[in-house]
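Some notes on the structure that comes next.
The values are calculated or read from the model by the stated rules, or taken from the named source; none is laboratory data. Treat the numbers as computed from the prediction; the structure is a model and nothing was measured. Here the Cβ positions follow ideal geometry from the backbone for every residue, glycine too, while neighbour counts run over all protein chains shown. Ligands, DNA and RNA are excluded from the accessible area calculation, which covers all protein heavy atoms including side chains. Shrake-Rupley method; radii C 1.70, N 1.55, O 1.52, S 1.80 Å.
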Amino acid sequence: MSGLLGSKSTCIFGSYGGYQGRKLQAGDVLKFGKPSKALKGIPERKVKKECIPPYEREWRMRAVPGPNAYPDYMTQEGMDYLYEHAHKIQHSSNRSAYRLEAAQINLFARKDGGIAGSHPSNVLDHAYAIPGALNICGDTPFY
């Protein structure tokens, strides 16, 4: 495996890093170098319970509205929905964003994107969202 800047991760949509810039497939062999100790007895070894972090099914997050929120871009109903409801993370999430299941209400204050495009989420063009930002594209909000 050869990574970008020494990383072992893969960016599938960018086709770089990791194992040949793609998802792992059956039959792939990952080389990690020589072990520092003998591997005899590894199948019987387990991670100490106190070393395993707690994995929660629900996360409580705090948020503050940014410059592209209510009233110009989102409805009050949409803002209330985002703040007051639990959201499930979609299976299509990746290293660049957690995608949330689409809300079944109208989040957008505009009926269309005006000059920028037909969907109301096309009112601004952000190259990348900053870490921790909620970006709502089309009908799929993602963090």
Q: Kindly report, to the nearest 10 Å², the accessible surface of V64 as traced by a 1.4 Å probe over protein heavy atoms only.
A: 130
Q) How high is the FRET efficiency between R57 and E84 when r is their beta carbon distance and R₀ equals 30 Å, given to the nearest 0.05? A) 0.95
Q: Return the distance in nm (one decimal) between the two label points of a simple spin-label model at A133 and V47, each offset 7 Å from Cα along Cα→Cβ.
A: 3.3
Q. Where does each of 29-39, 77-87 land if you order them by average Cβ count within 10 Å, highest first?
A. 77-87, 29-39
(Q) Per 0.36 nm of contour for each residue apart, how much would the distance between N68 and K31 grow if the chain were fully extended, relative to their Cα-Cα spacing? (A) 8.7 nm
Q. Which loop chymotrypsin sites (Phe, Trp or Tyr not before Pro) in the stretch 49-79, with loop taken from DSSP, have no more than 10 other Cβ atoms within 10 angstrom of their Cβ?
A. Y55, W59
Q: List, in order, the whole-Hz ³J(HN,Hα) value for each residue of the stretch 75-83 obtained from phi through the Karplus relation with A = 6.51, B = -1.76, C = 1.60 and θ = phi - 60°; use x for Gly and Pro.
A: 7, 4, 4, x, 4, 4, 4, 4, 7
Q) Under a 5 Å amide H to amide H cut-off, with H placed in plane at 1.01 Å, what residues pair with L100 once short-range neighbours are removed? A) Q90, F142, Y143
Q. What's the FRET efficiency of K23 with Y98 using the Cβ-Cβ distance as r and R₀ = 25 Å, to the nearest 0.05?
A. 0.85
Q) Sequence-distant or interchain residues sharing an amide H contact under 5 Å with M74, placed H: which? A) A109
